[in-house]
Amino acid sequence: MRILQLITQTKVGGAESFALNLAVALQARGHEVRILAHRDNGPLFARAPHGLSYGACPRRSRLDLRLFPFLQRHVRDFQPDVIHAHNFPANTWARVLGHLHPRVKIVCHEHSGTIRQRPLRRFLIDRLLNGRTALYLAVSGEIVTALHRARVIAPDKVHELAVGIDIARFASAQADEARLPEGARGRPRALQLASLIRVKNHRMVLEAFAPVAAATEAVLLLAGDGPLRGEIEARIAQPDLQGRVFPLGLRSDVPELLSLSTAFVLSSRTEGMPLALLESMAAGVCPVVPAVGAIPQLVQSGENGLLYPAGDQAALSAALLETFRDPATAHARGERGRAIVAERYSITTIAALVEAHYRSVL
């Protein structure tokens, strides 16, 4: 098959990383694959292997009119059998292209746990354009339910499908504390991998970590960037967190950072199926995460990590304290998580399922 993967940006995020991994895996299965981004604003394609076809539109804003001719040119050149788009902006343009190219099958993939908070206009756009959607994939049952309730597409066209990761990339990472700020070396560490945006709720993890910092020698690492960086850095500068929380910015060495961590933490209000959680489990790190979206399908509390009620600051503090006070149990939980991800969430396994979906609509 000739398969076009369509993403919104080249800034590294969960949906974008999954699309790139999927493109590589599908090419390895013998398909012709190209991956395109609406906007060239990050380092994602630096990870693309030699031989993978990719491109990004050099537009500067959402109103930049270069996007449509960019996409049209690539569709005419590549002649895909399937366009597989990821999240609302890419899904929207894929369906527009589908109306202009009736031979092409359109697959929309919904990764965002915030779908229930979408403005009405987005659901109306979905209803208007979905006549050319052959298949809707959703990363969690929660998203499937939201799509059914919004009646944006026939229920039999919606399927739940987990994301997958490149297991080997995380299993082979080497721990080297020189990668860390000096104050974070030689201590137990929790790592949060998330864009610095409201829905990730960094404010809560900072407040939850303050009593942990008072009771242990642990530090918190924040990998990611975004519009809330100034606000987060101002809170970190307060006496109860000073020297105990380290913002790392955008990092390309996530497997190595995970190999240096005792715990992986998320404080999100909503989630779909976080790719960063799968990556942490593949690295054998104990997750401390909220019970939202597809997370309870991945983490059984007390077995391969710890769950806490989303938004419960005291419960997050208690879970982090438990993890740091009993590192042997945390390590065992991490190893059980590693086995689960290797068995069920390898990108090669997920790519075979995606390929079967493509064949069903072709």
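The values are calculated or read from the model by the stated rules, or taken from the named source; none is laboratory data. Owing to the predicted nature of the structure, the values given are computational and were not obtained by experimental measurement. Neighbour counts are summed over all protein chains in view; Cβ atoms, including those assigned to glycine, are modelled from backbone coordinates with ideal geometry.
Of the helices (runs of 4 or more DSSP H) that lie entirely inside the stretch 88-204, those containing 1 or more residues that are over 23 Å from L248 (Cα atoms), free of Cβ contacts under 8 Å to residues at least 24 places away in the same chain and over 22 Å from the mean Cα position of the chain (by Cα) span 120-129, 141-150. Within the stretch 226-248, being crowded, with 19+ Cβ neighbours inside 10 Å and among the charged types (D, E, K, R) holds for one residue alone: R244. Taken over the stretch 293-324, the criterion of being without any contact (Cβ under 8 Å) to a residue 24 or more places away in the chain, of a type in the set (S, T, Y) and touching a helix residue (DSSP H, G or I) at 6+ places or on another chain (Cβ under 7 Å) is satisfied by Y308 alone. The residues listed here are I106, I143; of these, the one that is crowded, with 23+ Cβ neighbours inside 10 Å, touching a strand residue (DSSP E or B) at 6+ places or on another chain (Cβ under 6 Å), farther than 26 Å from Q27 by Cα and modelled with pLDDT of 85 or more is I143. Testing D77 on (1) without any contact (Cβ under 8 Å) to a residue 12 or more places away in the chain; (2) under 25 Å from L250 (Cβ atoms), one condition comes back false. Which one is that? With respect to (1) without any contact (Cβ under 8 Å) to a residue 12 or more places away in the chain; (2) under 25 Å from L250 (Cβ atoms), D77 is out only on (2). Could you tell me whether R179 is assigned by TED's automatic domain parsing to the domain that holds D326, surrounded by fewer than 19 Cβ atoms within 10 Å (Cβ to Cβ) and under 23 Å from A328 (Cβ atoms)? So R179 fails the test.
Looking only at residues in the stretch 325-337 that are surrounded by fewer than 20 Cβ atoms within 10 Å (Cβ to Cβ) and in contact (Cβ under 8 Å) with a residue 12 or more places away in the chain, the one that is nearest to Q297 (Cα to Cα) is R336.
Taking helices (runs of 4 or more DSSP H) as the structural unit, no element lying wholly within the stretch 255-349 holds at least 2 residues that are in contact with a Lys or Arg (Cβ under 8 Å, 6 or more places away or on another chain) and among the β-branched types (V, I, T).
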